[in-house]
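Visitor: I have a structure here, written as structure tokens, and I will follow up with some questions on it.
The values are calculated or read from the model by the stated rules, or taken from the named source; none is laboratory data. Note that the structure is predicted; figures quoted are calculated from it, not measured. For neighbour counting, all protein chains shown are included, and Cβ atoms are generated from backbone atoms with ideal geometry for every residue, glycine included. The area values use the complete protein model at the heavy-atom level, side chains included, leaving out ligands, DNA and RNA. Shrake-Rupley method; radii C 1.70, N 1.55, O 1.52, S 1.80 Å.
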Amino acid sequence: MRVEYREEPCRTALNRVKGMPFAWSLNPYTGCAHRCTFCYVRAFEARAERPSDDRYGRSIRVKVNVADVLRAELARSSWKRESVAIGAATDPYQPAEGRYRLTRACIRELGAARTPFSLITRGPMVRRDVDVLVEAAQRTKVHVSFSVPTLDERIWRSTEPGTAPPRRRLETVRFLVDSGIDTGVALAPILPGLSDDPELLAEVVREARAAGATGIWANVLYLRPGTREHFLDCLAEDYPEQLPAYERLYARRAYLKADEAKPVRALVAELTRKHGIRDRRRVRLDPEPAAIAEQLALVV
């Protein structure tokens, strides 16, 4: 698939967020070449009258000055060092990052400003930036979440067409944890009738535990207008037998009913307890530069 990259400056880097565990979001890119069929950002695109169908992900806005703008925002006297989430509306380690290195530059700025941050990704490219992540973690709280909704190859290939294989993501979880970085796994989104099979969920949790994941969290699919149409079109092509169930489950609503979603979340919570998912890092980050260099020499 050909992707157009539009190099456009931005006026702001940080976006205020309400009702979430983090106060601010930061997205170095607009659009995502991963093109996941269930991506909730498609709904935002549709609302902004931009393509949310199969054309989504074919044009990526590259905020070429985002790190400079971020530096200025973090330097303001009014900045309170509230938590920042990187990648809430785009994957910060999609292919464009290999060339533009904007996420890397933003991590440097956040670390220098002692601003706590988290990032969520499906991109193993994050291991390239272990040095700046370790450096930032000397100064502030840093957390990485890897989205691994399933290890089933057919489900992965049909619903996350532009992403790296799930097991490569888990290998990167291990690499980051061994480097001392707080790194968890997100089973998100869980797809009813597909990836919510108890054995499939258990497989992800077991492998996350083997990779040393420091935590697990899960979300069940939600379908807002824009995302809904594209996802159901893809479902009709790849899993036509599931279409009637989805039309029933998501009739006139974006979320599953509580009594339908609760058992799935409860099962993930039970599996998390059963497999003892917790922070088991042996490498503790040392604030001394010499110790940082020694740790990096062991893992790079």
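Visitor: Among the listed residues TRP217, TRP156, identify the single one that is in contact with a Pro (Cβ under 8 Å, 6 or more places away or on another chain), open to solvent by 20 Å² or more (accessible area, probe 1.4 Å) and either part of a strand (DSSP E or B) or closer than 17 Å to LEU235 by Cα (or both). Full working, then the answer.
Guide: Numbers: TRP217 fails: in contact with a Pro (Cβ under 8 Å, 6 or more places away or on another chain).
Only one candidate qualifies: TRP156.
Visitor: Could you grab the pairs with beta carbons closer than 6 Å, sequence gap of 6+ or different chains, first residue in segment 192-206 and in contact (Cβ under 8 Å) with a residue 40 or more places away in the chain, second one among the charged types (D, E, K, R) and surrounded by fewer than 22 Cβ atoms within 10 Å (Cβ to Cβ)?
Guide: These pairs meet every condition: LEU200/ASP152.
Visitor: I'm told SER179 meets every condition in (1) in contact (Cβ under 8 Å) with a residue 24 or more places away in the chain; (2) farther than 20 Å from ALA137 by Cα; (3) more than 19 Å from the chain's Cα centre (by Cα) except one. Can you identify the failing condition by its number?
Guide: Of (1) in contact (Cβ under 8 Å) with a residue 24 or more places away in the chain; (2) farther than 20 Å from ALA137 by Cα; (3) more than 19 Å from the chain's Cα centre (by Cα), only one is false for SER179: (2).
Visitor: Failed condition for ASP286, given (1) surrounded by fewer than 14 Cβ atoms within 10 Å (Cβ to Cβ); (2) outside any helix (DSSP H, G or I); (3) at pLDDT below 95, with all others met?
Guide: All conditions pass for ASP286, except number (1).
For (1) in a loop (DSSP other than H, G, I, E, B); (2) open to solvent by less than 20 Å² (accessible area, probe 1.4 Å); (3) on the phi > 0 side of the Ramachandran plot; (4) out of contact with any Phe, Trp or Tyr (no Cβ under 7 Å at 6 or more places or on another chain), each residue gets a yes or a no:
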position	(1), (2), (3), (4)
SER78	yes, no, no, yes
ARG81	yes, no, yes, yes
ALA88	yes, no, no, yes
ASP91	yes, yes, no, yes
ARG99	no, no, no, yes
ARG104	no, no, no, yes
ARG108	no, no, no, yes
THR115	yes, yes, no, yes
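Visitor: In addition: Surrounded by fewer than 19 Cβ atoms within 10 Å (Cβ to Cβ) and modelled with pLDDT of 95 or more: does that describe ALA188? Steps first, answer last, please.
Guide: Working: surrounded by fewer than 19 Cβ atoms within 10 Å (Cβ to Cβ): yes; modelled with pLDDT of 95 or more: yes.
Taking the combined requirement at face value, the residue satisfies it.
Visitor: What about VAL132, is it among the aliphatic types (A, V, I, L, M) and either crowded, with 22+ Cβ neighbours inside 10 Å or within 12 Å of THR172 (Cβ to Cβ) (or both)?
Guide: no
Visitor: Condition first: surrounded by 14 or more Cβ atoms within 10 Å (Cβ to Cβ) and on the phi < 0 side of the Ramachandran plot. Now tell me which residues in segment 53-67 satisfy that.
Guide: Result: TYR56, ARG58, SER59, ILE60, ARG61, VAL62, LYS63, VAL64, ASN65, VAL66, ALA67.
Visitor: Does any residue of segment 136-148 turn out to be open to solvent by less than 10 Å² (accessible area, probe 1.4 Å), in a helix (DSSP H, G or I) and among the hydrophobic types (A, V, I, L, M, F, W, C)?
Guide: Checked against the condition, which is being open to solvent by less than 10 Å² (accessible area, probe 1.4 Å), in a helix (DSSP H, G or I) and among the hydrophobic types (A, V, I, L, M, F, W, C), segment 136-148 yields at least one hit.
Conditions tested, residue by residue: (1) at pLDDT 95 or above; (2) part of a helix (DSSP H, G or I); (3) surrounded by fewer than 14 Cβ atoms within 10 Å (Cβ to Cβ); (4) at positive phi.
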| position | (1), (2), (3), (4) |
| --- | --- |
| SER195 | yes, no, no, no |
| GLU199 | yes, yes, yes, no |
| ALA202 | yes, yes, no, no |
| GLU207 | yes, yes, no, no |
| ARG228 | yes, yes, no, no |
| LEU235 | yes, yes, no, no |
| GLU241 | yes, yes, yes, no |
| TYR246 | yes, yes, no, no |
| ALA261 | yes, yes, no, no |
